[in-house]
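Here the structure is laid out as structure tokens; the discussion comes afterwards.
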Amino acid sequence: MEIPSEEELKARLTPEEYAVLRQGATEAPFSGEFVHTDATGTFNCKVCGNPLFTSDKKFDSGTGWPSFDDAIPGSVEMKTDASHGMSRTEVVCAKCGSHLGHVFDDGPKSTTGKRYCINSVCLDLQEK
């Protein structure tokens, strides 16, 4: 899928989706459609279709956002985020640069120890 222009994205995405994906906003906790889903499949970037996370890496963190302990190799990039007086690691789509969420080191110790805290509005689920 070709990466759409900003004008095309503004027309295609809801105001909330655009604010999160292209302006780095965050959806309200427990508001996203994928917080509690247990469907099997691949979670793709809503902007460009890039496969990002698989359902077998999803876990219930209790935080109010879909959480994954690992991303598909090469699918995401990390950036330093010093906004809001915090120091965090932002997760963006490696293909189109869209904001997805943040990654923290408080995930399951039995796996990677990572918690990719991802906004539902950034994702499309391709069910298997």
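The values are calculated or read from the model by the stated rules, or taken from the named source; none is laboratory data. Fair warning: this is a prediction, and the values are worked out from it, not measured in the lab. Cβ atoms come from the backbone with ideal geometry, glycine included; neighbour counts cover every protein chain shown. Each accessible area value is taken on the protein alone, full model and side chains, heavy atoms only, with ligands, DNA and RNA left out. Shrake-Rupley method; radii C 1.70, N 1.55, O 1.52, S 1.80 Å.
Once the convex hull of all Cα atoms in region 1-125 is built, its volume per residue stands at 104 Å³.
The chymotrypsin sites (Phe, Trp or Tyr not before Pro) found in region 50-128 include none that occupy coil by DSSP while having at most 14 further C-beta atoms within 10 Å.
Based on Cα contacts under 8 Å between residues 6+ apart, the chain shows a relative contact order of 28 percent. Apolar share of the accessible surface for region 49-116: 50 percent from carbon plus sulfur atoms, 1.4 Å probe. For the residue pairs LYS79/LYS128; LYS46/LYS114; LYS58/LYS79; LYS57/LYS95, the alpha carbons lie more than 26 Å apart in LYS79/LYS128.
For region 25-86, the solvent-accessible area of protein heavy atoms averages 50 Å² per residue (probe radius 1.4 Å; ligands and nucleic acids excluded). Each peptide among 119-126, 6-13 gets the average number of other Cβ atoms lying within 10 Å of its residues, and from highest to lowest they stand as 119-126, 6-13.
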